[in-house]
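Everything below concerns the one structure shown next.
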Amino acid sequence: MGSVTNKRVAVVTGGNKGIGLEICRQLASNDVVVVLAARNESRGAEAIQNLRASGAVDVVFHQLDVKDSTSIANLAKFVESQFQKLDILVNNAAESGIVVRHDEFRGFKDGKGYLMEQPYDLGEECLKTNYYGTKAVTEAFLPLLQLSNSPRIVNVSANFGKLQWIRNEKVKAEFMGIENLTEEKIDEIIQKFLTDFKANKLSENGWPLTCTAYKISKAAVNGYTRLLARKFPNMLINSVHPGYVITDITSHTGILTATEGAKAPVMGALLPDDGPSGVCFDEMQVVSF
Ligand code: NAP
């Protein structure tokens, strides 16, 4: 791969497996040069081998831990030195904030339950990765995206980020009121959530009871998507729910393959110039937040 390219250039976070890997594959097959970013070097290298074996040529690995500011800065420096711009950023990396007990996991398919725990510490990490990681990576790449003729940001979100999961009317109204929403307000909501989570006041204060941190993290991502879209009208910036997909994060429950799950994020990444911005896609349909 040459250091300067006329092709579009994409960065995909959490590109080593699941939906992220398939986003990389589908972007590469659409004539996009793909920087597959993953936190683990050997898992990243293995993913690149997998893509090359299936015919993808313009794919390159770079290390990225979205919780590590030095790692983010190093990736941005790499993209700047190699390509002098970025056309597509796919914020895909995420964690669930829950522990599923596999020995007792029976999945959804046979109608039986499974054991799921949501320790506070994992919830905090989930917010760091899913929301603050997305934000930090985006901030690092905004200058390079500004140098693109067709900048796109896809925040891979989730139906679990919909406000219907939050019963706290004040928080819902703050997320909905885009005129008054700010990044500081999102921080305040997250701080209040974490305080209530720690104090065992989830139910009392109307927060989601299951997958609680994940739901708040994705609601925050959706709020951030809308804020960014207003701030950067020259870019197309959207949230995308990929569908319910068979990957590690769902303990391989799900109904779509990762290949199917990648379709909507890839659609968001390749939107034509007159495409929407600041919206939420549920697979291929625009839906309300
Ligand atoms: P997955 O297979 O578990 O993949 C998650 C990816 O995120 C992995 O590559 C993981 O890397 C990476 N990651 C986690 N923390 C990271 C960090 N700190 N820095 C860098 N990378 C990190 O799950 P998936 O289903 O493909 O999820 C992809 C996206 O789709 C996520 O945003 C998820 O919330 C969203 N989503 C999925 C579903 C679904 O049904 N599967 C539904 C709605 C939304 P490691 O391999 O190193 O852990």
Original post:
Could you give me the ³J(HN,Hα) list for the range 263-272, computed from phi with Karplus coefficients 6.51, -1.76, 1.60 and θ = phi - 60°, whole Hz, x at Gly and Pro?
Top reply: 4, 5, x, 5, 4, x, 6, 10, 3, x
Original post:
So how tilted is helix 69-83 from the main axis of the chain? Cα-based, degrees 0 to 90, rounded to 10.
Top reply: 30
Original post:
So what's the back-of-envelope 222 nm ellipticity for the chain, counting only DSSP H runs of four-plus at -39500 (n - 2.57) apiece and dividing by all residues, rounded to 500?
Top reply: -12000 deg cm²/dmol
Original post:
Under the Karplus relation 6.51 cos²θ - 1.76 cosθ + 1.60, θ = phi - 60°, what is the ordered set of whole-Hz ³J(HN,Hα) values for the range 228-243, x standing for Gly and Pro?
Top reply: 5, 4, 6, 6, 10, x, 7, 10, 9, 10, 9, 9, 9, 8, x, x
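Placing unit charges on C-beta atoms (Lys and Arg positive, Asp and Glu negative, everything else neutral), compute the dipole magnitude of the chain about its Cα centre in debye, rounded to 20.
Numbers: 31 positive and 33 negative charges, 44 e Å.
Once rounded to the nearest 20, the dipole reads 220 debye.
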**OP:** Mind checking the full-extension length gain between Ala173 and Leu122? Use 0.36 nm per residue of separation minus the Cα-Cα distance, one decimal, nm.
**Re:** 15.7 nm
**OP:** Can you bin the range 8-287 into rounded, prolate or oblate? Criterion: square roots of the alpha carbon gyration tensor eigenvalues sorted a ≥ b ≥ c, rounded for a/c under 1.5, prolate for a/b above b/c, oblate for the rest.
**Re:** oblate
Subject >> Separation in nanometres of the label points that stand 7 Å from Cα toward Cβ, at Ser203 and Glu183 >> reply: 3.7
Original post:
In terms of Cα to Cα distance under 18 Å, which aspartates and glutamates are near enough to Lys135, apart from those fewer than 8 places away along the same chain?
Top reply: Asp65, Asp68, Asp87, Glu95, Glu124, Glu125, Glu183, Glu184, Asp187, Glu188
**OP:** Run the 1.4 Å probe and let me know the accessible area of Asp274, rounded to the nearest 10 Å².
**Re:** 140
Subject >> Simple label model, 7 Å out from Cα along Cβ direction - Ile255 to Val100, nm >> reply: 1.6
Subject >> Area accessible to solvent at Glu125, 1.4 Å probe radius, in Å² >> reply: 50
Subject >> Fraction of beta bridges assigned by DSSP in the chain that are antiparallel (%, nearest 5) >> reply: 15
Subject >> Amide proton proximity set for Glu283, modelled H, under 5 Å, gap of 5+ >> reply: His241, Gly243
Original post:
Near Lys263, within a Cβ-to-Cβ distance under 14 Å, what is the net charge of the other residues, with Lys and Arg +1 and Asp and Glu -1?
Top reply: -3
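Under 10 Å from the Cβ of Asn205, count the other residues' Cβ atoms, weight Lys and Arg +1, Asp and Glu -1, and hand me the total. Let's see the in-between values first.
On the way: positive: Arg167, Lys170, Lys192, Lys201; negative: Asp196, Glu204.
Local charge sum for Asn205: +2.
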Original post:
Hey, rough spin-label estimate for Ala73 and Arg52, points 7 angstrom out along Cα→Cβ, what's it come to in nanometres?
Top reply: 3.1
Original post:
Given the protein chains as shown and a 1.4 Å probe, how many square angstrom of Met267 are accessible, to the nearest 10?
Top reply: 40
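The values are calculated or read from the model by the stated rules, or taken from the named source; none is laboratory data. A quick note: this is a predicted structure, and the numbers were derived from the prediction, not measured. Every residue, glycine as well, gets a Cβ built from its backbone with ideal geometry; the counts of neighbours run over all protein chains shown. For accessibility, only protein heavy atoms count, side chains too; no ligands or nucleic acids. Shrake-Rupley method; radii C 1.70, N 1.55, O 1.52, S 1.80 Å.
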